[in-house]
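Below: one structure, written as structure tokens.
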Amino acid sequence: MDKLVSLAKRRGFVFQSSEIYGGLGSVWDYGPLGVELKKNIKERWWRSMVHAREDIEGLDAAILMHPKVWEASGHLAGFADPLVDCKQCKNRFRADDPRIKGTPGQPDAQCPVCGTKGSLTAPRQFNLMFKTFMGPVEDQAAVIFLRPETAQGIYVNYLNVLQSSRQKIPFGIAQIGKAFRNEITPGNFTFRTREFEQMEMQFFVKPGTDGEWLERWRAERMQWLVDLGIRPEKLRFHQHTPQELAHYAKEAYDIEYEFPFGWHEFEGVHNRTDFDLARHQQFSGKKLDYLDAGTNERYIPYVIETSAGADRTALVVLCDAYTEEDVEGEKRVVLRFQPSLAPLKAAVFPLVNKDGMPELARRLYDMLRQRFKVFYDDGGSIGRRYRRQDEAGTPFGITVDGQSTQDQTVTVRDRDTLQQVRVASDRLTDYVTDKLAG
Ligand code: ATP
């Protein structure tokens, strides 16, 4: 994992937030390549959810919401982790931190950081929502929260979307946006952060059909991940046990990936029943039931939720792509992204900076840039330039050499097979387009 973290920084995928000030705990910034990677994942999700389907609409709800939303959703009362403090070193831990030996609150418990025995307090509930104030007066009436999940923005807009889009049940609403949680034991790079992005889709169905829709969405989501190029043997479902089930859920599955630090969830498929809509109906006093025009039945729809983290999915894609291999006695580090996800689609290199090569290389770079994110590199030996692009996961390396200025052909090096083919320069855009599609 350390190698991936240092590559991510070296190549401009991910930087620690406010690094020049010593960093801000578990908050990360995406650099030039990271922002492209994450954007490609989000666009792919949006296209498959919203554009490719006729039964899902898009939404972009605000991060700030009426404080009653969090009362209705249960986050104000229940969105809490039990925590323990060390009275000696002042560190704070989740009560279920596996490093804690003994029972917190008892003399046998040992602090995992300073090693003191008996210094850990009994567990206390700690709310994970970030609190702030709206308007000029910082009093209780002005308290609002940064949303800890995007889902509630969808529920409170359910009627607006239903009526304006003229959808009928079953249908879904999809949203991509930031969420914030004041996590206590964050860590593992971008896996658990305090500010993150979610890609959530809430699918509203008739009660009684919820089991069948849960199965359909489970299959759809797994297939989507496999289509991203993630190795299927690194993916699995974990069904929530009765102890793990959230208070609103009837049945729930995590999709887990085998990270270098073990199997962990990065997406969930949940049957949230009618809990959220029923609670919003109760707390807002606004009727949220659905009239089925065919059967004249009235009901509050059940919700099947697919909830993915854009950052965790990007981390999965990065971990899965990271490869070290031996090429002719030399170590090669390469990110084998599926070409459609790669931040840079191609890099253009003049073999040497003379004899008309830079001019032709620049012309090709300008041409390709109209269609793809492309990089121009004329620094250092060609071998070093290839290696830099391997580390960036760029699928195609285009080199302008002596022959190119004679016959207008270039070599195209394939990142994975290392094979080079000669391609006529006026066919380059089509060549790259075809390869990206295939
Ligand atoms: P965990 O058990 O890891 O805290 P969760 O079960 O609370 O996660 P959900 O509330 O189901 O997670 O959120 C759905 C998705 O949002 C997660 O699968 C994950 O991809 C993402 N997510 C949740 N919390 C974080 C976080 N602190 N940092 C990054 N991504 C997160």
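A 1.4 Å probe run over the protein chains yields, for region 248-315, 38 Å² of accessible area per residue, whole-number rounding. Rounded to whole numbers, the Karplus 3J(HN,Hα) couplings from phi for region 217-223 are 6, 4, 5, 4, 5, 5, 4 Hz, using 6.51 cos²θ - 1.76 cosθ + 1.60 with θ = phi - 60°, and x at Gly and Pro. Legend note: in the chain, cysteines whose Cβ sits 4.7 Å or more from every other cysteine Cβ are 319.
A cut-off of 5 Å between modelled amide H atoms, ignoring neighbours fewer than 5 places along the same chain, links residue 65 with 145.
Tell me, how many Å apart are the Cα centres for region 275-332 and for region 359-373? When both Cα centres are located, 38 Å separates them. The phi torsions of region 333-340, fed into the Karplus equation with coefficients 6.51, -1.76 and 1.60 and a -60° offset, translate into couplings of 9, 9, 9, 8, 5, 4, x, 5 Hz, rounded to whole numbers, with Gly and Pro shown as x.
Among rounded, prolate and oblate, which fits region 8-63 when a ≥ b ≥ c are the square roots of the eigenvalues of its C-alpha gyration tensor, a/c under 1.5 means rounded, and a/b larger than b/c means prolate?
Working: a/c = 5.19, a/b = 2.12, b/c = 2.45.
The shape class here is oblate.
Of the trypsin sites (Lys or Arg not before Pro) found in region 253-351, those that fall in a DSSP loop while having at most 12 other beta-carbon atoms within 10 Å are 286, 287. For region 254-365, the normalised intensity computed at q = 0.10, 0.14, 0.20 Å⁻¹ comes to -0.64, -0.85, -1.10 (log10 of I(q)/I(0), Debye sum over alpha carbons, equal scatterers, no solvent). Heavy-atom surface analysis with a 1.4 Å probe gives region 325-438 a carbon and sulfur content of 46 percent of its accessible area.
If you count only protein heavy atoms with a 1.4 Å probe, what accessible area per residue comes out for region 1-144, rounded to a whole Å²? Don't jump to the answer; show the numbers that get you there.
On the way: 8240 Å² over 144 residues.
Ligands and nucleic acids excluded, the figure is 57 Å² per residue.
Between the amide H of residue 375 and those of 346, 347, 348, distances stay under 5 Å, these residues lying 5 or more places away or on another chain, with hydrogens modeled in the peptide plane. Computed over the chain, the convex hull of the alpha-carbon atoms projects to a mean area of 27.1 nm².
Carbon-plus-sulfur accessible fraction, region 138-294 (probe radius 1.4 Å, protein heavy atoms only): 46%.
Phi angles of region 10-24 translate, via the Karplus equation with coefficients 6.51, -1.76, 1.60 and θ = phi - 60°, into HN-Hα couplings of 4, 9, x, 8, 9, 10, 5, 5, 6, 4, 5, 9, x, x, 10 Hz per residue; Gly and Pro are given as x. Computed over protein heavy atoms with a 1.4 Å probe, the accessible surface of region 188-244 works out to 47 Å² per residue. For residue 400, nonlocal amide neighbours, meaning residues 5 or more places apart or on other chains whose placed amide H falls under 5 Å from its own, are 349, 351.
In summary, the convex hull built on the alpha carbon positions of region 115-203 has an orientation-averaged projected area of 10.2 nm². The slack in the chain from residue 249 to residue 71, taken as 0.36 nm per residue of separation less the alpha-carbon distance, amounts to 62.3 nm.
Rounded, prolate or oblate: pick one for region 33-176, where a ≥ b ≥ c are the square roots of the eigenvalues of its C-alpha gyration tensor, a/c under 1.5 means rounded, and failing that, prolate if a/b is larger than b/c, else oblate.
Details: a/c = 2.77, a/b = 1.94, b/c = 1.43.
It comes out prolate by the Cα gyration axes.
In the chain, the longest principal axis of the Cα atoms and the axis of helix 32-46 are about 60 degrees apart.
The values are calculated or read from the model by the stated rules, or taken from the named source; none is laboratory data. Please read all numbers here as calculations on a predicted model, not as lab measurements. Backbone-built Cβ (ideal geometry, glycine too); neighbour counts: all protein chains shown. Keep in mind that these areas ignore ligands, DNA and RNA; they rest on the heavy atoms of the full protein, side chains included. Shrake-Rupley method; radii C 1.70, N 1.55, O 1.52, S 1.80 Å.
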